[in-house]
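One structure below.
Computed from the coordinates by the stated procedures, all read-outs in this text should not be read as laboratory data. Computed from a predicted model, the values in this text were never measured in an experiment. Heads up, the Cβs are rebuilt from the backbone with ideal geometry, glycines too, and the neighbour counts pull from every protein chain shown.
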Amino acid sequence: GVPEMPVRPIAERRVSRRIQVGPVAVGGGAPVSVQSMTTTRTSDIGATLQQIAELTASGCQIVRVACPTQDDADALATIARKSQIPVIADIHFQPKYVFAAIEAGCAAVRVNPGNIKQFDDKVKEIARAAKDHGTPIRIGVNAGSLDRRLLQKYGKATPEALVESALWEASLFEEHGFSDIKISVKHNDPVVMVNAYRLLAAQSDYPLHLGVTEAGPAFQGTIKSAVAFGALLSEGIGDTIRVSLSAPPVEEVKVGLQILESLNLKPRRLEIVSCPSCGRAQVDVYKLADEVTAGLEGMEVPLRVAVMGCVVNGPGEAREADLGVASGNGKGQIFVKGEVIKTVPESKIVETLIEEAMKIAEQMEQDGVAA
Ligand code: SF4
């Protein structure tokens, strides 16, 4: 027979040092965290805090806010104080906002060394201010705004160019005794991006923030990010992730969490195991799966619900799940923990599944099983 393989974690995590982004540890074996970025004007404190609250509710662990103007910089202190999750200020072009963000008590500051003028000369002061306040810095290299010197040297934003830029800037900070750093080397091409992170991972032990930049609209961006993060995380590379989508930030968080859950890097919450349907299906599986998903949205317990179109794989999958249905002949056999508990007419499948799911969830909560 085939020897049984234990189910192992997808990979040994790369050994990285740890930084603290507010209460969230990044690197050094800490769970991979999910972050996103607000789309509001940061100076609109109310709207920004509102969006941060929505992001927090969706499971976002760290939030980044843009800081292109003085009004935005002035808003940072209030936002950092009132946000439920740590706030990172995202600074391009203007070093003065780096200092403002540190003073404002942001949990970290992202700098883009490629577009901060005379960045190298400012590093000493930035390092001192960040050290005084215990503020970590993300060196966020981006293909679209790569340091001119490296663009000239390599001709384009190759993995080597991205990594050289990041490590050069990191070395300047290190020279000033500052190593509270995480790094990103983003590119819109997942293949370049994956190679850049591999190279970076091999050359340093900084914690890494993964991102495919300008990944595109929701569908394309989701696939690109899932493929790229999947490749890297399955090699143990990556300490925090941000999915970039041309879509509301809450969607980015949902995708990010799902990627981590898929790789078992985060406990799975609600999981719908539904079949793709085929010529044997005796029920509209798409509709049933959608209705069950909608009915159970927001459940926080790790529940596996099988929705199967016929009796071929139906009962088998339904039995493996906490709860499931196998359809056939206008009826649904409802399974709970491997036992058929009842058979209901097709019109009652959804409500029965939801009812049973609620009962199991209640029991799980009482038993203290939560995601
Ligand atoms: Fe087809 Fe049945 Fe498998 Fe669904 S469970 S894909 S309907 S064989």
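For the chain, a simple Cβ point-charge model (Lys and Arg +1, Asp and Glu -1, everything else neutral) yields a dipole of about 700 debye relative to the Cα centre.
With contacts taken as Cα pairs under 8 Å at a separation of at least 6 residues, region 272-321 carries a relative contact order of 46 percent.
For the pair Val311 and Glu160, the difference between a 0.36 nm per residue extended length and the Cα-Cα distance amounts to 49.0 nm. As an equivalent ellipsoid, region 49-199 spans semi-axes of 26, 19, 13 angstrom, where each value is the square root of five times an eigenvalue of the C-alpha gyration tensor, largest first.
May I ask you to derive the relative contact order of region 45-132, considering only C-alpha pairs under 8 Å and at least 6 residues apart, and to give it as an integer percent? Computed over region 45-132, the figure is 25 percent. Over all orientations, the chain has a Cα convex hull whose mean projected area works out to 21.5 square nanometres.
Modelled spin labels at Arg149 and Thr56, positioned 7 Å past Cα toward Cβ, are 4.2 nm from each other.
Annotation for region 113-175 versus region 293-371: alpha-carbon center distance of 52 Å. Rounded, prolate or oblate: which fits region 271-371 when a ≥ b ≥ c are the square roots of the eigenvalues of the alpha-carbon gyration tensor, with rounded for a/c under 1.5 and prolate only if a/b beats b/c? In terms of gyration-tensor shape, prolate.
How much of the calculated P(r) for region 180-313 lies past 18 Å, in percent of all Cα pairs? It would help to have the intermediate numbers written out before the result.
On the way: 5491 of 8911 pairs.
Above the 18 Å cut-off, region 180-313 has 62 percent of its Cα pairs.
Size of region 143-219: Rg and Dmax of its alpha carbons, in Å, are 12.7, 43. Extension gain, Phe93 to Arg198: 0.36 nm times the residue separation minus the Cα-Cα distance gives 35.0 nm. Peptide packing for 143-149, 274-280 was compared via the average number of neighbouring C-beta atoms within 10 Å per residue; ordered from the highest value, the list is 143-149, 274-280. Charging the Cβ of each Asp and Glu at -1 and of each Lys and Arg at +1, and nothing else, the dipole of region 270-343 about its Cα centre rounds to 360 debye. In order along region 347-360, the Karplus-derived 3J(HN,Hα) couplings, from 6.51 cos²θ - 1.76 cosθ + 1.60 at θ = phi - 60°, round to 5, 9, 4, 4, 5, 5, 4, 5, 4, 5, 4, 4, 4, 5 Hz, and Gly and Pro are given as x.
For Arg138, the residues whose modelled amide H falls within less than 5 Å of its own, excluding neighbours fewer than 5 places apart on the same chain, are Val109, Arg110, Val111, Lys182. Taking Cα atoms only, the orientation of helix 70-82 departs from the longest principal axis of the chain by about 50 degrees. Normalised by the number of residues in region 256-371, the mean separation of alpha-carbon contacts (under 8 Å, six or more apart) gives a relative contact order of 22 percent.
Counting 0.36 nm for each residue step from Glu362 to Ala77 and taking away their Cα separation leaves a gain of 98.6 nm. Summary of the geometry: region 25-91 and region 203-230, compared by the centres of their Cα atoms, lie 19 Å apart. Taking the Cα of Gln70, stepping 7 Å toward and past its beta carbon, and measuring to each backbone N in region 91-113: which are under 13 Å? Of the residues in region 91-113, 96-97 have backbone N under 13 Å from the label point off Gln70.
From the P(r) of region 296-354, could you give the percentage of C-alpha pairs in the tail past 15 Å?
Numbers: 704 of 1711 pairs.
When all Cα pairs of region 296-354 are counted, 41 percent exceed 15 Å.
Beta-bridge orientation, the chain: approximately 30 percent antiparallel, per DSSP, counting only bridges with both partners inside.
If packing is taken as the average count of other Cβ atoms within 10 Å, what order do 213-219, 252-258 fall into, highest mean first? Please report the intermediate quantities before stating the final value.
Values: 213-219: 16.4, 252-258: 23.7.
Most protected by this proxy first, the peptides run 252-258, 213-219.
What number in nm² do you get for region 248-309 if you take the convex hull of its Cα atoms and divide its surface by four? Could the numbers behind the result be given before it?
Working: hull surface 19.5 nm².
So the mean shadow area of the Cα hull is 4.9 nm².
Ignoring everything except DSSP H segments at least 4 long, calculate the 222 nm mean residue ellipticity for the chain; use -39,500 (n - 2.57) per segment, divide by total residues, nearest 500. Walk me through the numbers on the way to the answer.
Numbers: 12 runs with 155 residues, N = 371.
It comes out at -13000 deg cm²/dmol, rounded to the nearest 500.
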